[in-house]
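Data first, discussion second: the structure below is written as structure tokens.
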Amino acid sequence: MADGQSYFLLMLGLSVLAYFGFSTPPIINTPVTYLGLLFVIAGLFLCCWTRSVLIKNHTTLSPFEIPGALVTSGPFRFSRNPVYLGMAAILLGTAILMGTGISFIFPLLFIVIMEVRFIPLEEKTLERVFGEEFIHYKRTVRKWI
């Protein structure tokens with residue numbers, strides 16, 4: 001079963017293939033495109049930070065496993081889905097670097113897939129396992145940012 005990381009890699013690959021496969025005029029020009037590097041770096045940092053917090057709290061990184069702890073520290077203080085947020089930032093940064101309109105389809109498609117396929121399943125599991133503690137967390141922390 002594919003996870004969020006698989007969809008992220010698929011969207012990244014499709015984004016690059018679309019960039020080289022379709023000649024579309026740029027909507028963002030150099031040197032503004034270099035701002036995309038900031039998003040890529042921020043996204044990488046957020047993914048690594050989140051991973052380290054999950055490991056430190058001895059809980060799963062997989063959306064299909066039962067979590068061992070409800071983590072509300074680190075990046076989870078401002079986002080319930082910091083890994084997906086980091087991946088979306090990398091895809092957005094890549095789109096900005098490429099500067100073509102078609103590139104921006106893939107970060108949006110990734111977000112839609114996460115919203116439909118993964119986040120509801122994960123939140124249902126967290127609510128079942130952690131009950132009122134998760135419901136309170138869900139009320140106080142935004143889904144993305």
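Near PHE118: Cβ cut-off under 14 Å, other residues only, Lys/Arg at +1 and Asp/Glu at -1. The net charge is -1.
In this structure the amide hydrogen of THR100, modeled in the peptide plane, comes within under 5 Å of the amide hydrogens of ILE27, none closer than 5 places in sequence on its chain.
Computed 3J(HN,Hα) for segment 134-145, one whole-Hz value per residue from the Karplus formula 6.51 cos²θ - 1.76 cosθ + 1.60 where θ = phi - 60°, is 6, 4, 4, 4, 4, 6, 9, 10, 5, 5, 10, 9, glycine and proline marked x.
The string of couplings for segment 4-16 from the Karplus curve (6.51, -1.76, 1.60, θ = phi - 60°) is x, 5, 4, 5, 4, 5, 4, 5, 5, x, 5, 4, 5 Hz, one whole number per residue in order, with x for Gly and Pro. Against the chain, whose longest principal axis comes from its Cα atoms, helix 82-98 is set at around 0 degrees. Rounded to the nearest 500, the helix-only mean residue ellipticity at 222 nm of the chain stands at -19000 deg cm²/dmol, with each DSSP H run of n ≥ 4 adding -39,500 (n - 2.57).
Using C-alpha pairs below 8 Å separated by at least 6 residues, the relative contact order for segment 62-145 is 50 percent.
Please report Rg over Rh for segment 53-100, where both radii come from the alpha carbon positions and Rh follows the Kirkwood definition. Write out the running numbers ahead of the final one.
Details: Rg = 13.8 Å, Rh = 12.3 Å.
Across segment 53-100, the Cα-based Rg/Rh ratio is 1.12.
Comparing mean-square fluctuations of SER103, SER79, SER23 from a GNM of the chain with C-alpha springs under 10 Å, the top value falls on SER23. At q = 0.13, 0.19, 0.20 Å⁻¹, what log₁₀ I(q)/I(0) does segment 87-141 have when each alpha carbon counts as one equal point scatterer in the Debye sum? Log10 of I(q)/I(0), two decimals: -0.47, -0.71, -0.74. Based on the convex hull around the alpha carbon atoms, the chain presents an average projected area of 8.7 nm². The 3J(HN,Hα) values that the Karplus relation (6.51, -1.76, 1.60; θ = phi - 60°) gives for segment 116-124 are, in residue order, 8, 9, 10, 4, x, 4, 5, 5, 5 Hz. Gly and Pro appear as x.
Sorting the segments 59-67, 45-53, 94-102, 80-88 by their mean number of nearby beta carbons within 10 angstrom, highest to lowest, gives 80-88, 94-102, 45-53, 59-67.
Laboratory data are not the source of any read-out in this text; all were calculated from the coordinates shown. A quick note: this is a predicted structure, and the numbers were derived from the prediction, not measured. Using ideal geometry, Cβ is built from the backbone for each residue, glycine included, and neighbour counts are taken over all protein chains shown.
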